[in-house]
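Asks: Take a look at this one; I'll ask things after.
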Amino acid sequence: MSASANAAPGIEGLDWNLLWKEAMARKDESVDTRARSEYWNRRAPSFASRCHETPYTRTFLEVLAPEPQWSVLDVGCGAGTLALPLGERVKAVTAMDFSEGMLEQLVLRRDELGLSNICALHGGWDDDWDALGVGVHDVVIASRSLMVGDLAAALRKLDRASRRGVYLTAPAGYGPSDRRALEAVGRPARKGPDYIYVYNLLHQMGIFANITLIRSEQGRPFEGPEEALDFYRTLIDGLSPEEDRRLQDYLQRELSLRDGKWYLCHQDAIQWALIWWRKSN
């Protein structure tokens, strides 16, 4: 057998969509719509309380450079981290999420701010976007929401729904999971697929995207130990009584008071890859 017959396949021979699915399975990350929506419904009030300007949102909006005449589709909008500031900058925003709890929080903030140009739409990646009436928008964004089983189908949906361009973020490395907290309660910290799968699959699809790395803020502040405990109880879903005890022990060891706020002594910074492409006219 020749040496070339034993050679590893080139990058063009790899099925990046299949590799994504296998990596998701190794991480044991559920993509079941009902289970995920229930999880995010529980997290919605805590998530909404953190919808304020951060280095992440500033960098995303700087790269996006929104224009006043745009219509924007925000897929996986959450409680409005980007939809709300975009509502002050563009003509119209369709904010879509599969979590009714997140949309309720978004609508509350939208109405408080008097942003009548933001439309909340209940829907997700697996839904028929034509049946939902999603339509086509100038720009489509998917910020930290690419939790899908079929990555290729999701990317095609984003591209089809956009006239001008698509902007999405995927983790670079472990992403937002707190490895130390998971290990403290006795759960494995598994690394799922990160941005390189997305970028390489886009390349195979003939889309040559840009990448900007965003380093999220380190050291989330809490008002007190109870707030930290509530936050981690929603972050690590389905804690058993023994895991909850371990979590309390972990936070008791790791939390410290600084300038009137409580911080974890050790907290890894999070990196996100902002992947974006413009579409030709």
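Asks: Being part of a loop (DSSP other than H, G, I, E, B), polar (S, T, N, Q) and at pLDDT 70 or above is the filter here; which residues of the stretch 7-66 pass it?
Replies: Of everything in the stretch 7-66, just one residue is part of a loop (DSSP other than H, G, I, E, B), polar (S, T, N, Q) and at pLDDT 70 or above, namely T54.
Asks: Which residue, of Y174, Y167, is surrounded by fewer than 20 Cβ atoms within 10 Å (Cβ to Cβ), touching a residue at least 24 places away in the same chain (Cβ under 8 Å) and among the aromatic types (F, W, Y)?
Replies: That would be Y174, the only listed residue that is surrounded by fewer than 20 Cβ atoms within 10 Å (Cβ to Cβ), touching a residue at least 24 places away in the same chain (Cβ under 8 Å) and among the aromatic types (F, W, Y).
Asks: State which residue pairs qualify: first residue at positive phi and inside the stretch 134-159, second residue part of a helix (DSSP H, G or I) in any location, beta carbons under 9 Å apart, and separation of 6 or more residues or different chains.
Replies: From residues that are at positive phi, the pairs are G135/W129; R144/Y56.
Asks: Could you list, in sequence order, all residues of the stretch 204-219 that are touching a residue at least 60 places away in the same chain (Cβ under 8 Å) and not polar (S, T, N, Q)?
Replies: I207, F208, A209, I211, L213, I214, R215, E217 - these are the residues of the stretch 204-219 that are touching a residue at least 60 places away in the same chain (Cβ under 8 Å) and not polar (S, T, N, Q).
Asks: Let me ask you something else. Which of (1) touching a residue at least 12 places away in the same chain (Cβ under 8 Å); (2) of a type outside the set (D, E); (3) out of contact with any helix residue (DSSP H, G or I) (no Cβ under 6 Å at 6 or more places or on another chain); (4) farther than 18 Å from I275 by Cβ is the odd one out, the single condition P188 does not satisfy?
Replies: (1)
Asks: Would you be able to say whether some residue in the stretch 86-100 is under 28 Å from G149 (Cα atoms), among the polar types (S, T, N, Q), modelled with pLDDT of 95 or more and in contact with a Lys or Arg (Cβ under 9 Å, 6 or more places away or on another chain)?
Replies: no
The values are calculated or read from the model by the stated rules, or taken from the named source; none is laboratory data. Computed from a predicted structure; not experimentally measured. Cβ coordinates were reconstructed from backbone atoms using ideal geometry, including for glycine residues, and neighbour counts include every protein chain displayed.
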